[in-house]
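Data block below; observations after.
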Amino acid sequence: KLRMPQSSVTEKIMSFRQELDEGKPVIYKIKEDVSLFANFFFKDPFDEEKDFVPYAWQDTAFQDANRRICICIARQRGKTTFAVLKAVHFAYFNSNATVLVVSKTFDQAKEVVETIHSMLRAGSKISWDPLKPNDKESKGEVKILNKRKKGGVKTYSRIISVPATDAARGYHADLVIADEGAFWEDGSYIFKQVVVPTTSKTKGQILLLSTPNGAQGFFYELFQFTCCNTFKAFL
């Protein structure tokens, strides 16, 4: 899918930072744009002296509103960071939402939660503090305090991380991030019979991401289909 060049992403971020410096209101912008939200709250995972700036592909995928999106991306290109930022942004701005992150293995599912914890701890704004997880939380779940109006009732959303097994069955998810789908064991069954039904009632979005694993399997077939159909629904 076509995307803006990296220079355009940088220019967008610079314009946003200028508005911040001028004291202009930005809350509506960070609600609408995950890239600006990430730049406002987070540091670069590889250089905490810098604010986060997304890759061009991340910026494009952040803004894509289709209910079914399939992304094939090379290793070390920010796939996990993308998943975490998308999940946190959605959980923050959508009251009582459930975000389901499905990883290849149980260990990888725990790693996603740890990445969320790490990014929250490194958040650059004091106002981020109430959203940080505490030590008593489940290792497979993070609760996010929703953005609310002054005096409003506190509500929370959940980010739940599970392996690509029947453990994902039974949830009602408003957003699903399916990670490394090309490497799932019995991937076609897990995706179609376990993951997809989690959004049947919510009509939520499913993001299927993976590094490539050859011309085989359900992920390859879905990616080929979406490439030919401009990222529209693949089921």
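Surrounded by 17 or more Cβ atoms within 10 Å (Cβ to Cβ), within 12 Å of the chain's Cα centre (by Cα), at pLDDT 80 or above and over 24 Å from Arg169 (Cβ atoms), is that true of Leu100? Here the answer is no, as Leu100 does not meet what is asked. Picking from residues in the range 182-232 that are among the small types (Gly, Ala, Ser), over 19 Å from Ala61 (Cβ atoms) and not in a loop (DSSP other than H, G, I, E, B), the one that is modelled with the lowest pLDDT is Gly217. Given (1) more than 13 Å from the chain's Cα centre (by Cα); (2) modelled with pLDDT under 90; (3) surrounded by 15 or more Cβ atoms within 10 Å (Cβ to Cβ), identify the lone condition not met by Asn39. Going through the list (1) more than 13 Å from the chain's Cα centre (by Cα); (2) modelled with pLDDT under 90; (3) surrounded by 15 or more Cβ atoms within 10 Å (Cβ to Cβ), Asn39 breaks only (2). Contact map, the range 159-172: first residue under 14 Å from Gly187 (Cα atoms), second residue of a type in the set (Asp, Glu) and open to solvent by less than 70 Å² (accessible area, probe 1.4 Å), Cβ cut-off under 9 Å, separation 6 or more or different chains; pairs are Ala164/Asp179; Ala164/Glu180.
The values are calculated or read from the model by the stated rules, or taken from the named source; none is laboratory data. In this text the structure is predicted, and so the values were computed from the model without any measurement. Don't worry about glycine lacking a Cβ; one is built from the backbone with ideal geometry, like all the others, and counts go over all protein chains shown. Surface areas here come from the heavy atoms of the whole protein model, side chains and all, with no ligands, DNA or RNA. Shrake-Rupley method; radii C 1.70, N 1.55, O 1.52, S 1.80 Å.
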